[in-house]
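Since the structure comes first, as structure tokens, the remarks are kept for the end.
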Amino acid sequence: MNLKPIELQVTLSRMQDAAHHQKNSNDKPVLDQERLAMQVEKEQRLAKEKSVEVDETDHAMIRDNQQQQGKDNKDNVEQKEENEEDKKEEEQAASHPFKGKHVDLSL
């Protein structure tokens, strides 16, 4: 394989380009792995922060539900008393001394 000096110049310059491409292709998996590791670490950190926030809101929601249930129980008791009073008033208003209690709907 006889090479002339001009051919050597071209070959050497191309060898440097080829070496650069080879180095990049060899380092690519390592760089990709490092990027993925950093991304996973960042996601884990965000997940930890998010779970703390979610736990805090869950406790607040439970507390709110308990307070709401307490209010609902009081409201239910008051509403039942009002309903009983309304029924008594309706019964008193429904009984009339001159009017009958039965309605004949036959034709």
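The values are calculated or read from the model by the stated rules, or taken from the named source; none is laboratory data. Fair warning: this is a prediction, and the values are worked out from it, not measured in the lab. Counting neighbours? That spans all protein chains shown, and the Cβs are built from the backbone with ideal geometry, glycine included.
When residues of the stretch 24-34 are filtered for being of a type outside the set (A, V, I, L, M) and surrounded by 10 or more Cβ atoms within 10 Å (Cβ to Cβ), how many remain?
6
Among the residues that make up the stretch 41-55, is at least one of them among the acidic types (D, E) and at pLDDT below 75?
Scanning the stretch 41-55 turns up at least one residue that is among the acidic types (D, E) and at pLDDT below 75.
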